[in-house]
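The values are calculated or read from the model by the stated rules, or taken from the named source; none is laboratory data. Please read these numbers as outputs of a predicted model, since none were measured by experiment. Glycine also receives a Cβ, built like all others from the backbone with ideal geometry; neighbour counts cover every protein chain displayed. Surface areas here come from the heavy atoms of the whole protein model, side chains and all, with no ligands, DNA or RNA. Shrake-Rupley method; radii C 1.70, N 1.55, O 1.52, S 1.80 Å.
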Amino acid sequence: MLTVTELMVFYENALAVNELSLKVETGQVVGVIGSNSAGKTTLMNTLSGLILDQQIKEKRKGGERITIMGKVEFEGRDISLMPAYERVRLGLVLCRERHPVFPDSTVLENLLIAGHLGSKEQVKRATDLTFDLFPNLVRWRRRKAGFLSGGEQQMLAIGMALVVGPRLLLLDEPLLGLSPAMQQVVVGAIKNVRRQTGATIVIAEQFARPVLPMIDHGYVIENGMLTMTGTGAQLMDNPEIKSAYFGV
Amino acid sequence: MLTGYLIYGLINSVVLVLVALGFNLTFGISGVANFAFGALYVTAGFLAWIGLNTLSLPYWVSAPLAVLITAVLAGLLYRVVVLRVRGLVVSEVIATFGVGLALLELFRFLGFIGFEYTLPDAGDFGVSVLGVVIDSQRLLIVAMGAALTAFLWLFTRYTTTGRAFRAIAQDEHTALTLGINTERTATIAVAFGAGYAAVAALVILPLGTIAVNEGYNVLVNALAVCIVGGLGSTLGVIVASFLIGMAQTLTAAYLGTHWMMIVSLVAILLILLVRPSGLFGSHKQLEERI
Ligand SMILES: Nc1ncnc2c1ncn2[C@@H]1O[C@H](COP(=O)(O)OP(=O)(O)O)[C@@H](O)[C@H]1O
Ligand SMILES: [Mg+2]
């Protein structure tokens, strides 16, 4: 479904992603594991087109701070130069890190904004699915999203991505800053998303422990480079992974 | 006497609401500081005048056409000038103010000065409220103020484009990841704001003449209302319009009309000292943006 070939991304002269190649098959849940500043967000933003958008804006102002090389293909189509909002129309949807929601809009409005591409029935169905997956959100539906807790905002952010109607859902650190209990809720919801929508999912995380058990395939990156790859089970048993990403 | 001042103060407040709504829509919602706003307001007035007098078009053609052309001009201004400097706020302000300045002075250069530049008003009837006679044009202003405010409120809540306005105002990157074409949305917001300015011009300008200097006054007033109310807040626009509008009218009544513009400037200074985010500004937008 998604093929990334020898991707390189520079900020100024700093290399954030280095000759990265990876593949995501339809229906899979794929993990991208890496510690802080390994290049996960840069990778996700490149896939979603946000980096391209940033690059274009910088160029307009006369700067050439960002360089992107390599190829991103979605369902056999080269999307390297496609604007971010058009990629969304193909079903490639990113949920950015640090629970991106519209703080001044209510929970319901957030979901409606996310549903701007879909028909009324589609949006209704996806909104219902979100409230099914995250029953906590139901009682806050008329509350401004800025007043929700971090975990609730993360749930809403995932819900918004679902309302858009993803065929490939990119989740950037969905567990960041959540309590272990909340992490379990989100992990459970992600599993449900796969079951109920059939979406293919890519999760970027630094916490390997809750993520590895649910992924079909994982890529470990360090300093923007691929250091290891394997099935979830293979990575789970790897002693290096254990010492580096499972903590003590 | 006082009743009269109060009623005329209220009407003046509605004038400010009309003038500031469009500016607020563009600045607060698309996040673009359109400092050519006053120039666009005056342009709409002259366009309508040219349509009526030079081209001899009927009012119902000339007025909508003026609104449409003003909106398209603003959209072009955004595409051609602002997009390049988007995000560099000082550059946005300078670029749009520069274009506005050029536009206004062009009108002056072309000789658009004098008492013949007036727009037709709503006719000769009046209504008496608490013993004060309000003419039809001022009644129209109040009705338009209410209608445009209600329309904006409904539009930003119940339409896809309106929701997209609110989305790009809050977080452009997130809007983009939801599939919103943010630059197109921002262009529409700028054009929409200019359309509001044009409608305001068509109902307010018949009270006097279409003068180049109005462009500067309108910008200062719109800026004052938005800064005092808090950028992006429609409720803020309304409350601030009434505070400043009443203050202006009472100042004019007791100190003289030439003190009126001072009120806006003092209001800007006061609010910047006391509460820089404005009365209803939820974020520290102002500090960030100016
Ligand atoms: N906008 C940016 N400008 C310059 N450097 C950046 C920018 N964003 C990220 N980086 C750098 O790129 C590297 C990868 O960062 P990032 O992709 O955010 O990693 P992660 O998401 O895995 O924490 C880091 O060294 C970071 O400092
Ligand atoms: Mg990151």
Practice problem: Note the buried accessible area between A and B here, summed over both chains, with a 1.4 Å probe, in Å² to the nearest 100. | Solution: 2400
Practice problem: Using a cut-off of 11 Å between beta-carbons, work out the net charge of the residues near A:Glu6 (Lys and Arg +1, Asp and Glu -1, A:Glu6 not included). | Solution: 0
Quiz item: When the dipole is taken about the Cα centre of the protein assembly as shown, and only Lys, Arg (+1) and Asp, Glu (-1) are charged at their Cβ, what size is it in debye, to the nearest 20?
Solution: 700
Quiz item: Which residues of the stretch B:151-166 bury at least 40 Å² of accessible area once all protein chains are present, versus their chain alone (1.4 Å probe)?
Solution: B:Thr160, B:Arg163, B:Arg166
Quiz item: Placing +1 at every Lys and Arg Cβ and -1 at every Asp and Glu Cβ, with all other atoms neutral, what dipole size does the stretch B:62-129 have around its Cα centre, in debye to the nearest 20?
Solution: 480
Exercise. Quantify how strongly other chains surround peptide A:93-100 by giving the mean number of their Cβ atoms within 10 Å of each of its Cβ atoms.
Key: 3
Quiz item: Tell me, what % of the accessible area of chain B is carbon and sulfur with a 1.4 angstrom probe?
Solution: 72
Quiz item: Percent of accessible area on the stretch A:180-248 owned by carbon and sulfur, 1.4 Å probe?
Solution: 55
Self-check item: Sequence of B:Val42, B:Val263 from largest to smallest accessible area, 1.4 Å probe
Solution: B:Val263, B:Val42
Practice problem: Identify, among B:Trp60, B:Val237, B:Gly123, the residue whose Cα sits farthest towards the positive end of the charge dipole of the stretch B:2-287, taking +1 on the Cβ of Lys and Arg and -1 on the Cβ of Asp and Glu, with the dipole about the Cα centre. | Solution: B:Val237
Practice problem: Assuming a ≥ b ≥ c are the square roots of the Cα gyration tensor eigenvalues, decide whether the protein assembly as shown counts as rounded (a/c under 1.5), prolate (otherwise, with a/b larger than b/c) or oblate. | Solution: prolate
Quiz item: In the protein assembly as shown, what percentage of the DSSP-assigned beta bridges are antiparallel, given to the nearest 5?
Solution: 60
Quiz prompt | Per residue accessible area in Å² of chain A, where ligands, DNA and RNA are left out and the probe is 1.4 Å | solution = 44
Practice problem: Can you tell me which of B:100-111, A:171-182 comes out highest on packing, and rank the rest after it, using the mean Cβ neighbours within 10 Å? | Solution: A:171-182, B:100-111
Quiz item: Which of B:Thr159, B:Ala186, A:Val186 sits closest to the plus end of the dipole of the protein assembly as shown, meaning its Cα is farthest towards the positive end, when Lys and Arg get +1 and Asp and Glu get -1 on the C-beta?
Solution: A:Val186
Quiz prompt | Mean ellipticity per residue at 222 nm, deg cm²/dmol - from DSSP H runs of n ≥ 4 across chain A, formula -39500 (n - 2.57) | solution = -11500 deg cm²/dmol
Quiz prompt | For a label point 7 Å along the Cα-to-beta-carbon line of B:Glu105, residues of the stretch B:61-91 with backbone N under 20 Å | solution = B:77, B:81-82, B:91
Quiz item: What is the percent of Cα-Cα separations in the stretch B:2-287 that go past 23 Å?
Solution: 53
Quiz item: Where the centroid of each part is defined by its Cα atoms, how far is the stretch B:171-250 from the stretch A:1-75 in Å?
Solution: 39
Practice problem: Using a 1.4 angstrom probe on the protein heavy atoms only, line up B:Phe46, B:Phe97, B:Phe151 by accessible area, largest first. | Solution: B:Phe151, B:Phe97, B:Phe46
Quiz item: Extent of the stretch B:157-290 along each principal axis, from alpha carbon coordinates, in Å, largest to smallest?
Solution: 55, 36, 24
Practice problem: Could you give me the percent of Cα pairs per 10 Å distance bin for chain A, shortest bin first, beginning at zero and ending with the bin that holds the maximum distance? | Solution: 7, 31, 36, 21, 4
Quiz item: Taking a probe of 1.4 angstrom, what is the accessible area of B:Cys226 in Å², to the nearest 10?
Solution: 0
Quiz item: Given labels modelled 7 Å from the Cα in the Cβ direction, how far is it in nm from B:Ala147 to B:Leu269?
Solution: 4.0
Quiz item: Summing -39500 (n - 2.57) over the DSSP H runs of n ≥ 4 in chain B and dividing by its residue number, what mean residue ellipticity at 222 nm do you reach, to the nearest 500 deg cm²/dmol?
Solution: -23000 deg cm²/dmol
Self-check item: Under the Debye formula (equal points on every Cα, no solvent term), log10 I(q)/I(0) of the stretch B:64-129 at q = 0.25 Å⁻¹
Solution: -1.13
Quiz item: With the dipole of the protein assembly as shown worked out from charges on the C-beta (+1 for Lys and Arg, -1 for Asp and Glu) around the Cα centre, which of B:Val85, A:Tyr85, A:Val107 lies farthest toward the positive end?
Solution: A:Val107
Quiz item: Given the C-alpha centroids of the stretch A:205-248 and the stretch A:76-99, what is the distance between them in whole angstrom?
Solution: 25
Quiz item: So how strong a dipole does the stretch B:2-287 carry about its Cα centre when Lys and Arg Cβ are +1 and Asp and Glu Cβ are -1, to the nearest 20 debye?
Solution: 580
Self-check item: Peptide ranges B:195-205, B:248-258 listed from the most packed, as the mean C-beta count within 10 angstrom indicates
Solution: B:195-205, B:248-258
Quiz item: Around A:Ala204, what is the net charge, scoring Lys/Arg as +1 and Asp/Glu as -1 over all other residues with Cβ under 10 Å from its Cβ?
Solution: -3
